[in-house]
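The values are calculated or read from the model by the stated rules, or taken from the named source; none is laboratory data. Because the structure is predicted, anything quoted here is derived from the model rather than measured. Please note: Cβ atoms are built from the backbone with ideal geometry, for glycine as well, and neighbour counts cover all protein chains shown. SASA here: full protein model, heavy atoms, side chains in, ligands and nucleic acids out. Shrake-Rupley method; radii C 1.70, N 1.55, O 1.52, S 1.80 Å.
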Amino acid sequence: MEQRLPKGALGGQAVLEGVMMKGPGGYSIAVRLPDSRISVKFHQYQSYGEKHPVFKIPFIRGIANFIESLTLGMKTLTYSSSFYEEEEEETKTDKVFKTIFKDKAEDVLLGITLVISILLALGLFMFLPAGIAELLGRWISNHFLLSLIEGIIRLGVFLGYVALIARMDDIHRLFMYHGAEHKTINCYEAGAELKPENVKNYTRYHKRCGTSFIFFVMIVSIVVFMFITAEQMWLRLLLRLVLIPVVAGISYELIRMAGRSDNAFWGIISRPGMWVQKLTTREPDEEMIQVAIVAVEAVLYGKAYADAVNDAQGIVLPNKEIEIEDLESF
């Protein structure tokens, strides 16, 4: 009988027309090409925790995992989108970056995109709710009540944002692949054979989902930020920024325990986050499930399997495509 990975060892995310899966030995990206073939790439990779023991320490590992997931997610999403990019004329900005940064131009642009995305997220989910709470502070003097209201506003902004982008066609398909990713992991962790007819019978919700992690972050932040009592608004915002790693670390430990336990208590704790997944996942079709299965099997069986899948379909990944290098080079 095949030896299976322990529960919690397999994770992933949806990418453009595909799925990324990550396991102990590396990660894979399976993408449904415009001609309906499935391209798959496997990359050996050691996580921060595997390379540096300090990142295995509770709470610290949550911070490292968050940064790692964010970086890997951006790189794999960019890789998958390369299969659907139309030929465009090189802009002046592209030429300047290539002149200055040479072969690293693409990584630098990706880094800038990541920084801008983080700044926009901070503005929308932290500074905007804090600003609204500041205005309400003219009429509400109770600090704890005001912190609670701010947290509820933050959660409302997040849910509204997700509900809004879910109406976009591309995001809707991304959420379908998200559902395929969850169903496939659930099927594997249940010990069933990875076949489309089996996978489709499993739920599209999962306790360890990134959506649930963000929900935990929202709830934990309400509690942590209640202890910020500085009078100056700029100082309160600064302290919120400083405490983000603390919030991420606590949230990671909570979702990690919830994902590895089947008892009723953790089931109740996980339920609100899984309700939010109703917004970020959709029921996939069979072709999407096939892509997710290929991604999982590539993680389980490695590069030889990925090469065999590509060879059987006559797929050659040209050198001009985005290479996924060790994240420490990012």
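The magnitude of the dipole of region 153-285, with charges of +1 and -1 set on the Cβ of Lys/Arg and Asp/Glu and taken from the Cα centre, is near 200 debye. Restricting region 161-243 to chymotrypsin sites (Phe, Trp or Tyr not before Pro) that sit in a DSSP loop and have at most 13 other Cβ atoms within 10 Å of their own Cβ leaves Phe227. The spacing between region 255-306 and region 1-46, judged by their C-alpha centroids, is 12 Å.
Under Stokes-Einstein, with the Kirkwood radius over Cα pairs as Rh, the value for the chain at 37 °C and 0.692 mPa s is 153 µm²/s.
By a 1.4 Å probe calculation restricted to protein chains, Thr203 has an accessible surface near 60 Å², given to the nearest 10. Based on Cα contacts under 8 Å between residues 6+ apart, region 1-85 shows a relative contact order of 23 percent. Each Lys and Arg adds +1 at its Cβ and each Asp and Glu adds -1 at its Cβ; summed about the Cα centre, the chain shows a dipole of about 1360 debye. Using DSSP to define loop residues, name the trypsin sites (Lys or Arg not before Pro) in region 138-174 whose beta-carbon has at most 15 other beta-carbon atoms within 10 Å. Filter output for region 138-174: Arg138, Arg167. A helix-only calculation puts the chain at -19500 deg cm²/dmol for mean residue ellipticity at 222 nm, using -39500 (n - 2.57) for each DSSP H run of at least four residues, averaged over all residues. Loop sites here are GluC sites (Glu not before Pro) outside DSSP states H, G, I, E and B with no more than 16 other Cβ atoms within 10 Å. The longest part of the chain free of them is 91-192.
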